[in-house]
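Read through the structure below, which is laid out as structure tokens, and then see the notes.
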């Protein structure tokens, strides 16, 4: 019976020591630091994902803006051609291109 009592007492002391270590400030700090590191990693991943999405949106917007600029330049060039009378054949239509130009 004495041996069983000693084993139970030693086990109880070991559990008490383990419990005190688990609740010690350094163990708490380590757990909190681990949680903080995990949260930090989540936030970094989120921000990087957002940045990647924004870069893709910006690239698409730049391509659309380049296309719009090219269209604007095309219309500007065509306006100048019409203004200078160099695109009158377009105004006459397909059939008129084959005929003689109108007399003035």
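The values are calculated or read from the model by the stated rules, or taken from the named source; none is laboratory data. Only a predicted model underlies this, so the values are computations on that prediction, with no experimental measurement involved. FYI the Cβ positions are ideal-geometry reconstructions off the backbone, even for glycines, and counts take in every protein chain you see.
Details
- Applying the criterion of at least 3 residues that are surrounded by 10 or more Cβ atoms within 10 Å (Cβ to Cβ) and over 36 Å from the mean Cα position of the chain (by Cα) to the helices (runs of 4 or more DSSP H) found wholly in segment 1-98 leaves 2-22, 25-83, 88-92.
A quick yes/no check of all residues on (1) modelled with pLDDT of 85 or more; (2) over 30 Å from residue 18 (Cβ atoms):
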| position | (1), (2) |
| --- | --- |
| 35 | yes, no |
| 56 | yes, yes |
| 66 | yes, yes |
| 72 | yes, yes |
| 81 | yes, yes |
| 94 | no, yes |
| 97 | no, yes |
